[in-house]
Amino acid sequence: MESSKVKRFGILTSGGDAPGLNAAIRAVCRTASIQYGMQAVAIHNGYRGLVEGDMEELAPSSLVGLLTEGGTILGTSRDKPFKNPVPDAESGLLPIEAIKENYKKWNLDALVCLGGNGTNTTACLLSHEGLNVIGLPKTIDNDIVCTDMTFGFHTALDVATDAIDRIHTTAHSHSRIMVIEVMGHKAGWLGLYSGIAGGGDVILIPEIPYDINSVAKKVMERRDAGKNFSIIVVAEGAKSKEEALLDKKAFKKARAEMPYSIAYRVAHELEQATSLESRVTVLGYLQRGGTPSSYDRILATQFGTAAAHFLAEGDFGKLVALQNGKITGVPLDMIAGKVKNIPANHLMIETARELGTCLGD
Ligand code: F6P
């Protein structure tokens, strides 16, 4: 057994779930136990469990069969203990005070927080409060800066691509415009990659505000060339050129007031502009559920084993990241509060344009 700075650590998953979370939990806890004799403490339902003290020691038997399982055995929530904190009605403690108490009460030497941008921003704030924290990059959105990839993305990409393939055949049969909405509020990685993998004719992503007339023009060009159907892949956060002029708050409000998701609006506008029949498919939570792809299992396992070594070495305040094929640690301060958007000159944007794919601009 190797020596370790950490004897007991808490582990939690927070934010939207993603395929590979259980594989990562398994890798952290197994490596920490086998290599260093550490004890893992399961924290239930994200930061909520840390505030409420909803925790239990994790027995090795809980890790059996986890590699292939979707979801998270720890449960999750979107609770953010630093956002609008209010004292607890009974104890009078602020969330951060309750967290510190529970950290002490459970004899934790460190925390491992698995999640996306919100989770790792909270992890960063906890480390500023003096807690020993390590973050892992999980999200189907692939929008965490300083890591080439997040786990969950690859599986969601496979699901979305398979769906686009299936919609292709029915689009062809019925000569329809098919609008497929994929996840991605702030970043369009999933839309761009699944759109290219599935041969989308149009791909609309948040990074490139669209003009519906450009999209309609593309559809009509296809029809004039004898192609009787069109596949339009739309990220849920795609916005029109007019919407792109709104500030963040106004845009959020406008979207909250919109009684349908963006794909419905795009389909309606296209029907009006082209007089062609259109249909909508919103892929929704199918993209997040189910068994992880082999790539995500491997990536989550690599991140998890690295996290155990970081714990043993006392290398805290870091996000475990993938950079140029290597697993490394990035200070949480460098990623907190940021979103990794697709740069305008990204290779895949250029690839899409070279293929003649319309990106809405
Ligand atoms: O954060 C990942 C994500 O899957 C986004 O792509 C999506 O917009 C969001 O979660 C949906 O989250 P919720 O589970 O809160 O509906």
Exercise. Of the residues in segment 40-62, how many are surrounded by 17 or more Cβ atoms within 10 Å (Cβ to Cβ), modelled with pLDDT of 95 or more and not in a loop (DSSP other than H, G, I, E, B)?
Worked result: 11
Seminar exercise, completed: Going through (1) on the phi > 0 side of the Ramachandran plot; (2) free of Cβ contacts under 8 Å to residues at least 60 places away in the same chain one by one, Gly75 fails only at (2)
Problem set entry | Residues of segment 202-226 that turn out to be under 22 Å from Met183 (Cβ atoms), in contact with a strand residue (DSSP E or B) (Cβ under 7 Å, 6 or more places away or on another chain) and not hydrophobic (A, V, I, L, M, F, W, C), as a count | 3
Exercise. Taking segment 109-123 only, how many residues are surrounded by fewer than 22 Cβ atoms within 10 Å (Cβ to Cβ) and not acidic (Asp, Glu)?
Worked result: 2
Problem set entry | Top-ranked residue of segment 325-340 - restricted to ones that are in contact with an Asp or Glu (Cβ under 9 Å, 6 or more places away or on another chain) and farther than 21 Å from Asp141 by Cβ, ranked as modelled with the lowest pLDDT | Gly325
Seminar exercise, completed: Listed by first then second residue, the pairs whose first member lies in segment 315-326 and is in contact (Cβ under 8 Å) with a residue 12 or more places away in the chain, whose partner is polar (S, T, N, Q) and in a loop (DSSP other than H, G, I, E, B), with beta carbons under 6 Å and at least 6 positions apart or on separate chains, are Phe316/Asn132; Ala321/Thr147; Leu322/Thr147
Problem set entry | Unique residue being within 24 Å of Ile342 (Cβ to Cβ) and either in contact with a strand residue (DSSP E or B) (Cβ under 7 Å, 6 or more places away or on another chain) or not hydroxyl-bearing (Ser, Thr, Tyr) (or both) when the list is Asp109, Asp162, Asp79, Asp88 | Asp162
Exercise. In segment 48-72, what residues are touching a strand residue (DSSP E or B) at 6+ places or on another chain (Cβ under 8 Å) and free of Cβ contacts under 8 Å to residues at least 40 places away in the same chain?
Worked result: Gly49, Asp54, Glu56, Glu57, Ser62
Seminar exercise, completed: Checked against (1) surrounded by 22 or more Cβ atoms within 10 Å (Cβ to Cβ); (2) within 15 Å of the ligand (Cβ to nearest atom), Lys186 satisfies every condition except (1)
Seminar exercise, completed: Restricting attention to segment 122-152, the residues that are within 13 Å of the ligand (Cβ to nearest atom) and of a type outside the set (Gly, Ala, Ser) number exactly 10
For this session: Any residue in segment 139-150 that's closer than 16 Å to Ala300 by Cβ: show its pairings with residues that are among the acidic types (Asp, Glu) and near the ligand (Cβ under 8 Å from one of its atoms) at Cβ separation under 8 Å, as long as the two are six or more apart or on different chains.
Result: Thr150/Asp141
Exercise. So, in segment 275-313, of the ones that are in a helix (DSSP H, G or I), crowded, with 22+ Cβ neighbours inside 10 Å and within 16 Å of the chain's Cα centre (by Cα), which residue ends up farthest from the ligand (Cβ to nearest atom)?
Worked result: Arg297
For this session: Check segment 86-103 and report whether any residue there is of a type in the set (Phe, Trp, Tyr) and farther than 26 Å from Gly289 by Cβ.
Result: yes
Problem set entry | Condition met for Thr72 (assigned to a helix (DSSP H, G or I) and either modelled with pLDDT under 95 or within 16 Å of the ligand (Cβ to nearest atom) (or both)) | no
Exercise. Under the condition of being at pLDDT 95 or above and hydroxyl-bearing (Ser, Thr, Tyr), which residue from segment 75-112 is farthest from the ligand (Cβ to nearest atom)?
Worked result: Tyr103
Problem set entry | Search result, residues across segment 246-263 that are in a helix (DSSP H, G or I) and free of Cβ contacts under 8 Å to residues at least 60 places away in the same chain | Lys248, Lys249, Ala250, Phe251, Lys252, Lys253, Ala254, Arg255, Ala256, Glu257
Exercise. What is the residue count in segment 13-39 for residues that are assigned to a strand (DSSP E or B) and within 16 Å of the ligand (Cβ to nearest atom)?
Worked result: 1
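The values are calculated or read from the model by the stated rules, or taken from the named source; none is laboratory data. These numbers were taken from a predicted model, which means no experiment stands behind them. Note: ideal-geometry Cβ built from the backbone for every residue, glycine included; neighbour counts use all protein chains shown.
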